[in-house]
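Just so it is clear, none of the values below were taken in a lab; they were calculated from the coordinates. Remember, it's a predicted structure, so these values are computed and weren't measured experimentally. Here the Cβ is made from the backbone with ideal geometry for all residues, glycine too, and neighbour counts use every protein chain on show.
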């Protein structure tokens, strides 16, 4: 079965071609079902390969299937080859699994949208690119997928292109990602320059001979991290992700929560053998992850758009993953990628279900009391909220705790930032939950009787994801809590393909008490939200009523404004200079000037063309005579 | 060539001078006259002036290449006058005039 790995990427590609070419002809239902089936088929193939790999012993779990040569330049040889190993398989399973659920969900969500064949085609193209990113056995193929998902992200953010917001958000995502991709490319160039290969396995061998802390490895990893920060929305490149919510909600769930944004972390884990040789960069990653987790969480507390809250929560959770990776716990980061994919996709799809029911209302101040109207959505959303808040036994608890524990061992101050963020996380998620589903109904009265639960095609994925969000954590039981003696399955599964480097300075007792601390933090966040938004039925204030620190946070620390003045304006002005001076004045001046000179010469000469035969003949005779005279003078 | 007894002998120089005079008359006619038909006639005069010069030089060189060339010129001139005259007729039908100064549609 493993030799059929190419099916995993080719199936979504086929789906893209079919829905792209025939979608408009056969309509929305055809495209939705086709796209979903191709995506599901890719999942089935992945699952079968996963089963086969599980049957092998640990040493032979890494298999590379080469399809054909792609770029051969000197000693650099980038083939289209897929690398099957535990790491890529875990990601591929998440991508195809969650991806397929979201495809099916989209059939219901996009119902009645005239552009949905295009939507499904893009979605399948995204799957193709993402799986190339994940399965590629060299950096260039990964980069191809990397750019492909960026393109699909841009296309799908701008799906509602009639609105300016969506178009602007798409452009913003694309341009900010371009900054990161620039770093990624420089990193790849430096790798080719230093090691002469882009293949992961060869690279690992080449890196083995280098000592930790070498300058060139510092720069390589730093530039690659810039790429990862762009894609995974870390400070300072996170600004595109909240705006990306302008796309359809399932897209936010699939691309901007579960899969694409985690590819930065996947790249770190894939190149973990390189990163462990750059402890300084690891520290930078850890700090940036912690700061991202904290600041995004604080912004999330004052957002009133249901999707914006989830978007900042995604940025914050991505910060956790990077914090873990920075502390050397790559597999804990990947574990959090997996659980986060479950509960965040669930939360986004739940939000999509709410938005769908309320006819595209996203402001939580205009919701309220929805738990009776949308029972399934409410219940699954609650599970997602509990999971992300870190309630014991829910998936988010295990993965987040694993990260916090590893970070605690790495640096206790960074752990402090992460722990505070955990309170805030619980607070803003329960704030969202209570304001949306409890209290009085605040939407317009005429819409009230129209509100009904979403169809089964949408609620079934919610239920499946809720089950995964509930039990997904058991994949990575910490050994201190291992009642079933199943072990930390995901870490053990991954440890051959990820160079975990986490130190453990403290014993099991500390780990257990730290878990207690985490639970208390989550409960603290919950209690604050409970008192403010359930007991007192508080609803968030109107936009302009914040003062002081709240105003700063409500305006997202004015980061967008700062970027606007610092970068956008200056680039804009620079472009203006290029336009006015270089383009209009110099280039156009030269071109138009040449034309004008020639035109003026012609204007002068045209008067010699009288149309009178005699004049021509006189010219001719004069010419002959002067020529003859000339010859005479020269040769006689 | 035998010694001549005539006082006023017509030498090759005379022929060449005549040819030059004819050519100048033709050229002047072409440049000055406005009637297309006359211009045409003048061109014929120029051609014949050249013919005369060719024959003269041929005799001077004591060979007959020039005479042969003249036949060609005559044949071409005949063809040219046939085409030229028919063009003139068509021109006259179109413009109701053969005054070349009035035919200046190519004026820039």
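Things worth noting here:
- Mean per-residue shielding of peptide A:610-622 is 5, counting Cβ atoms of other chains within 10 Å of each Cβ.
- Sorted by Cβ density within 10 Å, fewest first, the residues A:222, A:141: A:222, A:141
- Protection proxy ranking of A:262-270, A:498-506, A:530-538, A:603-611 - average other beta-carbon atoms within 10 Å, highest first: A:262-270, A:498-506, A:530-538, A:603-611
- In this label model, residue A:599 and residue A:442 are separated by 6.4 nm, measuring between points 7 Å along each Cα→Cβ vector.
- Cβ-derived FRET efficiency at R0 25 Å, residue B:94 paired with residue A:617, nearest 0.05: 0.75
- A Förster radius of 30 Å, combined with the Cβ-Cβ distance separating residue B:68 from residue B:28, puts the computed FRET efficiency at roughly 0.50.
- Between helix A:412-437 and chain A: long-axis angle, C-alpha atoms, 0 to 90°, nearest 10: 90 degrees
- Backbone N under 14 Å from the residue A:474 label point (7 Å along Cα→Cβ), restricted to segment A:376-394: A:393-394
- Per-residue [θ]222 nm for the protein assembly as shown (sum of -39500 (n - 2.57) over DSSP H runs n ≥ 4, rounded to 500): -23000 deg cm²/dmol
- Each label point was placed 7 Å from the Cα along the Cα-to-Cβ direction; for residue B:18 and residue A:558 their separation is 11.0 nm.
- On the beta carbon distance between residue A:630 and residue A:581, with R0 = 56 Å, the FRET formula returns roughly 0.65.
- Label point 7 Å beyond Cα of residue A:505 along Cβ direction - residues of segment A:390-423 with amide nitrogen under 17 Å: A:403-419
- Semi-axes of the equivalent ellipsoid of chain B are 37, 16, 10 Å, computed as sqrt(5λ) over the eigenvalues of the C-alpha gyration tensor in descending order.
- Helix axis angle, B:36-61 relative to chain B longest principal axis, alpha carbon, degrees: 20 degrees
- When Rg and the Kirkwood Rh are both derived from Cα coordinates, the Rg/Rh ratio for segment A:296-425 amounts to 1.01.
- Listed by Cβ neighbour count within 10 Å, with the fewest neighbours leading, A:579, A:146, A:415, A:70 appear as A:579, A:70, A:415, A:146.
- In summary, the convex hull built on the alpha carbon positions of the protein assembly as shown has an orientation-averaged projected area of 55.8 nm².
- Counting only other chain Cβ atoms within 10 Å of each residue's Cβ, the peptide B:100-107 averages 4.
- Residues A:217, A:186, A:71 arranged by fewest to most Cβ contacts within 10 Å: A:71, A:186, A:217
- Nearest 10 degrees, 0 to 90: helix A:6-54 Cα axis against chain A principal axis: 60 degrees
- Segment residue A:283..residue A:361, full-extension length gain: 23.9 nm, with 0.36 nm per residue of separation and the alpha-carbon distance subtracted.
- Residue of B:79, B:49, B:36 that the Gaussian network model of chain B assigns the largest fluctuation, springs spanning Cα pairs under 10 Å: B:79
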